[in-house]
Amino acid sequence: MYGVVVCPRCRRAKGVDLAQKTTACACGFEIRVVPAKVRARASTARELAPLVGRVNAELAGGADVAAEASAPRRRARSRDVHTRIVAAAASGDRARRTRVAAAELTRELEVFSLEDWRKVLAGLGIPDPEAALAELVEAGAVYEPRAGFYRAVSLIP
Ligand SMILES: [Zn+2]
């Protein structure tokens, strides 16, 4: 079983194998994995990425996360994140739009998954999101702080 925990120091969500007792955050803080503090659960590591993005989106929105019953509202909010980013990245050539998209995703979600990236690039009408992401990684504009999660190096594209 996998889950999403939030770093008490930097308030960033992180996916974790729940068999672990602790996990190191990107900020360096050692997060204790306490069952009561697990924000979302998934049976496979693959399902974790969108959950981490969702929890980060909730944190960015200042949502009260105790309200498990508000799942539809939460989904609406995380969809808003992608819609906002599509709007922010809608102008310029393809290279410009992908850089703005990566910077905005990082600003909104701290780290973004391929799933987030696909949604935004689909909204921008840019085909082959994997290739576009690989180009940014090769150019040094985006890095992968851990497997499956990406960050723009700079928030100013
Ligand atoms: Zn942290």
Quick check: pseudo-label points 7 Å beyond the Cα along Cα→Cβ at M1 and A131, how many nm apart are they? 4.3
Any chance you could run the full-extension gain for L155 through R32? It's 0.36 nm times the residue separation minus the Cα-Cα distance, nm to one decimal. 41.3 nm
If r is the Cβ-Cβ distance from Q20 to L114 and R0 is 25 Å, what FRET efficiency results, to the nearest 0.05? 0.60
Expected output is a single nm value to one decimal: the length gained when fully extending between R84 and A147, i.e. 0.36 nm times separation in residues minus the C-alpha distance. What is it? 20.1 nm
Accessible surface of the chain, 1.4 Å probe, proportion on carbon and sulfur as whole %: 52
The lysines whose Cα lies under 20 Å from the Cα of K37, excluding any fewer than 8 residues away in the same chain, are K14, K21
Probe of 1.4 angstrom, ligands and nucleic acids ignored: what's the accessible area per residue over the range 69-152, in square angstrom? 50
Could you give log10 I(q)/I(0) at q = 0.15, 0.18 Å⁻¹ for the chain, computed by the Debye formula over C-alpha point scatterers of equal weight, without solvent? -0.77, -1.08
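The values are calculated or read from the model by the stated rules, or taken from the named source; none is laboratory data. Here the structure is a predicted model, which means the values were calculated and not measured. Note that each Cβ is placed from the backbone with ideal geometry, even for glycine, and that neighbours are counted across all protein chains shown. Surface accessibility is based on the protein's heavy atoms, side chains included, excluding ligands, DNA and RNA. Shrake-Rupley method; radii C 1.70, N 1.55, O 1.52, S 1.80 Å.
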